[in-house]
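Structure, as structure tokens:
The values are calculated or read from the model by the stated rules, or taken from the named source; none is laboratory data. Here the structure is a predicted model, which means the values were calculated and not measured. Here the Cβ is made from the backbone with ideal geometry for all residues, glycine too, and neighbour counts use every protein chain on show. Heads up: the accessible areas ignore ligands, DNA and RNA and are worked out on the full protein's heavy atoms, side chains in. Shrake-Rupley method; radii C 1.70, N 1.55, O 1.52, S 1.80 Å.
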Amino acid sequence: MAKRLIPSFNRVLVQKILPPSKTNSGILLPEKTPQLNSAKVVAVGPGSHDRDGKLIPVTVKEGDTVLLPEFGGTQVKLGEKEYHLYRDEDILGTLHD
């Protein structure tokens, strides 16, 4: 359903990654465990234009895992799923394994 929403300009549509509630061995984790504010990029806009009219592409691509600021973004609900829209410059970085 998220493929129907294509972000405008330099916007990035992400779905936040929820931390696991228990380990592989079945131990329940407390809700207060420190968590990384990360998300998976679902869709990206074409980019923005500079003063000369040249297109500045978005720095992330679909499928990237990104680090988000604690606050900000616009919450979007599509069907049962919840997504967030961020500007490309608001994304703090990409996470790699």
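Give the ranking of 70, 89, 82 by solvent-accessible surface, highest area first, calculated with a 1.4 Å probe. Working shown, then result.
Working: 70 145, 89 120, 82 85 Å².
Sorted descending by solvent-accessible area, the residues read 70, 89, 82.
Sort out the exposed loop trypsin sites (Lys or Arg not before Pro) in the chain (DSSP loop, at most 13 other Cβ within 10 Å) and tell me the longest stretch that has none. That gives 62-97 as the longest site-free run.
Counting only heavy atoms of the protein chains and using a 1.4 Å probe, residue 95 has close to 60 Å² of accessible surface.
Accessible area per residue of the chain at 1.4 Å probe, in Å²? Numbers along the way, then the final one.
Details: 7350 Å² over 97 residues.
Heavy-atom SASA per residue in the chain reads 76 Å².
Each principal axis of the Cα cloud of the chain was taken in turn, and the coordinate range along them, longest first, works out to 56, 28, 23 Å. Going by accessible surface with a 1.4 Å probe and the largest first, 90, 52, 64 read 52, 90, 64.
Scan segment 7-97 for chymotrypsin sites (Phe, Trp or Tyr not before Pro) in coil per DSSP, keeping those whose Cβ has at most 15 other Cβ atoms within 10 Å, and list them by number.
Numbers: sites: 9, 71, 83, 86; in loops: 9, 71.
Qualifying residues, ordered by number: 9, 71.
Given a cut-off of 19 Å, name the pairs among 22/77; 16/61; 40/77 whose C-alpha atoms lie farther apart than that in the structure shown. Those over the limit are 22/77.
Here the accessible area of the chain is 54 percent carbon and sulfur, with a 1.4 angstrom probe and all protein chains present. Heavy-atom accessible surface of residue 84, to the nearest 10 Å², is about 20 Å², with a 1.4 Å probe and all protein chains retained.
In whole percent, what relative contact order does the chain give with Cα contacts below 8 Å and a gap of six or more residues? Mind showing how you got there, number by number?
Details: 181 pairs, mean separation 30.9, N = 97.
It comes to 32 percent, rounded to a whole number.
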